[in-house]
There are 2 protein chains.
Amino acid sequence: MGLSDRKKKILAAVVDEYIRTAEPVGSKAIAQSGSLNCSSATIRNELAELVNMGYLEQPHTSAGRVPTPMGYRMYVNELMEKQKLSLEETEEINRRLNLKLQELDDTISDVGRLASQLTDYPALAITAQMAVTVKRFDLIYVDANTFIIVLTLSNSTARSKLVHLPISVDQDLVQRLSSLFNASFTGITQEAVTPVLIHSTERAADDTMGLTAVIAAFVLETLHEVSTPTAFVTGENRLLSQPEFRDPDKAHKLMSYLSGGGHIFPPSEGMAPGSDEVRVLIGPENVAEELKDSSVVIASYDAGDNTRGLIGVVGPTRMDYSTVAAKLSFLAAGLSRRLGGGEAPPEGMHNKLIIKGDTGNERR
Amino acid sequence: MGLSDRKKKILAAVVDEYIRTAEPVGSKAIAQSGSLNCSSATIRNELAELVNMGYLEQPHTSAGRVPTPMGYRMYVNELMEKQKLSLEETEEINRRLNLKLQELDDTISDVGRLASQLTDYPALAITAQMAVTVKRFDLIYVDANTFIIVLTLSNSTARSKLVHLPISVDQDLVQRLSSLFNASFTGITQEAVTPVLIHSTERAADDTMGLTAVIAAFVLETLHEVSTPTAFVTGENRLLSQPEFRDPDKAHKLMSYLSGGGHIFPPSEGMAPGSDEVRVLIGPENVAEELKDSSVVIASYDAGDNTRGLIGVVGPTRMDYSTVAAKLSFLAAGLSRRLGGGEAPPEGMHNKLIIKGDTGNERR
DNA sequence: ATTAGCACTCGAAAGAAGAGAGTGCCAGCA
DNA sequence: TGCTGGCACTCTCTTCTTTCGAGTGCTAAT
């Protein structure tokens, strides 16, 4: 059942005002805020109905109205006017985007930082990796007790590990293992690294010292680590400037949840490919208990290498959805433009780079 | 002028108790807390004198006493008993240290996280790099509009950058530049990259397209970035569990200062080489305005590659100095043992690794 | 249907009173 | 001289009460 036009206007006014002031808004305030040509009494009646319908609620009998999650949902879906960013804002974002991307090719946590600064809410950035495989395998013999495993991954990064052994191994074995792993562990996903495969490799290499197991463990560990999307949270402290988090306990709870890199996003029901989609999760719509009275706004972008990145912002349900959505959307679009595209440049670059030997040059 | 033995005992008792409870401590509490065989009246007299001498202060006339920064200083320097960690605690630290260091060779931010978890205070981790130079120089030609700069640095990491040009360059020029840079830009520090040097290289390479400048800029930028110690802050949210930060504004101020990776440590008057030294900065002893009523405990460790790392913890002046110092000291020692030493293994590893081509495998 | 008016409700802010913790000081005792 | 018990005093913190006012719901009039 639809809302009357006037109810919509009133609801929008309540949400707008509440977002602005964080105080329950009364009938008088709405009546005066123009755009409605009727008295506060009329508005009171409408408000009462909106409360009945579940879009608003009253903290107590003689207070103004506050939007319910359902009210916010209606606001986000139909009511709010899509905010246009000012020229200055878009320029600012582009400028910083260029800056960031120049110095650190693809470091997702910096994208988060940027989002947080732009919106003044805590932000999270995660890259939802596709299934990653090992593309190339190197074992570097250092000395009798030391060798290095280098994995070049399908997502155009490399991982390495120094292995220190209590016993001596000869260079031959290392060489053998290197070829064998290169032959049978490349191109396969985490799940395909089975005990059977490991065991057969071990026998083929004539490895009596358990090196195979060590290497395989590293492969598994790495694949797991890389395919598990990890979230970077930045700007948690910005929560503290929100009135709803003046209670340190509340703030603390949410902040430590965030710091834990909590599983904020809904069981990644893959965001639509179009990078301008912005998703809003309001209060109880969040799965995590800790987020039940916060809201999350997420945008998705094409991060190249067949990877989509997610970038989001967390705040109180009384969040400035319209501005935040606009900013995130613009940011995501900018990122897609710069990082993604699947054309030659980034792809080619990384390949070359790997072939030549070097990759990731940042620290975590 | 020294403090009488009894005064010392009393001061220690006040600090201990205040650290424990965060409440001003009264004469009665001290009298009862054993170890002093005198009445509260006597203690009151002593307390009054300690206030006069500047070691203690009273929030108001009829409240207990609270240590001043000077009082804490005395406590830290002479009074506090060096805490011994329990076997469990040391084992816990070692266990996690092993765990961490296994997966991520030398990632300093994780060390910070560990410190924060152990102490339950926000922690910072920085590596104070020695002067870094470029050890080796590669230019990789990708296509006419694209090449990659790869710098292998003296601190055993590599940095790379993809350069996209609006104009076409031929492979020869890239090759020429590669050799030239390799010849004249290696082994020199940031300061030695002068305009003169850049200009002469440009002429030598017969570069009319400004590539030299681009590359040189990247060298400078990278050297700068690497030699500038950057701080990683973790666990800011733990501040919120401290009673002194129940005021959101206070908390917010400090937290955003910390998040800014603030220049927390004193103008690195290089910590003593011995890795068990732990330095304590109490309240106003800190240079940063924002830290004037917080304390910082820092330990230094040998991070290998001629690098010393600093690891520190921030908290209210009412900080559990003794436990924190013990934990940090133990942690730093453990890190030194594992990372440092200057012996073959780690050093050798990194060299080999670079020669073979790969390095840093983490993201920031 | 809309509006003006009015009595009513309920939270927040302001004020008042009481309790309690801790002090300073004095007088007596070793 | 140094320590102790005692006592009056101070000052904050808590609790209770009161007041104030914003905002409501309802009713009667337009």
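The values are calculated or read from the model by the stated rules, or taken from the named source; none is laboratory data. The structure presented is a predicted model; accordingly, all values stated were derived computationally and were not measured. All Cβ positions, even for glycine, are placed from backbone atoms using ideal geometry, and neighbour counts span all protein chains on display.
Considering only residues of region A:236-258 that are of a type outside the set (Asp, Glu), within 7 Å of another protein chain (Cβ to nearest Cβ) and in contact with a Pro (Cβ under 6 Å, 6 or more places away or on another chain), which is surrounded by the fewest Cβ atoms within 10 Å (Cβ to Cβ)?
Here the answer is A:Arg246.
Does any residue in region A:280-299 that is closer than 15 Å to A:Ile126 by Cβ come within less than 8 Å, Cβ to Cβ, of a residue that is crowded, with 16+ Cβ neighbours inside 10 Å and among the polar types (S, T, N, Q) six or more places away or on a different chain, and which pairs are these?
As it stands, the answer is A:Leu281/A:Ser295; A:Val296/A:Asn286; A:Ala299/A:Ser275; A:Ala299/A:Ser329, since those pairs meet every condition given.
Go through region B:59-84 and give me each residue that's within 16 Å of B:Gly2 (Cα to Cα) and within 16 Å of DNA strand C (Cβ to nearest atom).
Scanning region B:59-84 gives a single hit, B:Gly71.
Would you pick out the residues in region B:12-52 that are of a type outside the set (D, E, K, R), within 24 Å of B:Thr323 (Cα to Cα) and more than 13 Å from DNA strand C (Cβ to nearest atom)?
Those that are of a type outside the set (D, E, K, R), within 24 Å of B:Thr323 (Cα to Cα) and more than 13 Å from DNA strand C (Cβ to nearest atom): B:Ala12, B:Val15, B:Ile19, B:Gly34, B:Ser35, B:Leu36.
Inspect all residues belonging to region B:206-217 and state whether any of them is under 25 Å from the mean Cα position of the chain (by Cα), polar (S, T, N, Q) and assigned to a helix (DSSP H, G or I).
Of the residues in region B:206-217, the ones under 25 Å from the mean Cα position of the chain (by Cα) are none.
Scanning region B:206-217 turns up no residue that is under 25 Å from the mean Cα position of the chain (by Cα), polar (S, T, N, Q) and assigned to a helix (DSSP H, G or I).
If you scan region B:71-101, which residues turn out to be of a type in the set (S, T, N, Q) and exposed (fewer than 15 other Cβ atoms within 10 Å of the Cβ)? Walk me through how you get there before you give the answer.
Pass one, region B:71-101, residues of a type in the set (S, T, N, Q): B:77, B:83, B:86, B:90, B:94, B:98.
Scanning region B:71-101 gives B:Asn77, B:Ser86, B:Asn98.
So, in region A:237-288, of the ones that are at pLDDT below 90 and acidic (Asp, Glu), which residue ends up nearest to A:Lys84 (Cα to Cα)?
Only one residue fits best here, namely A:Asp276.
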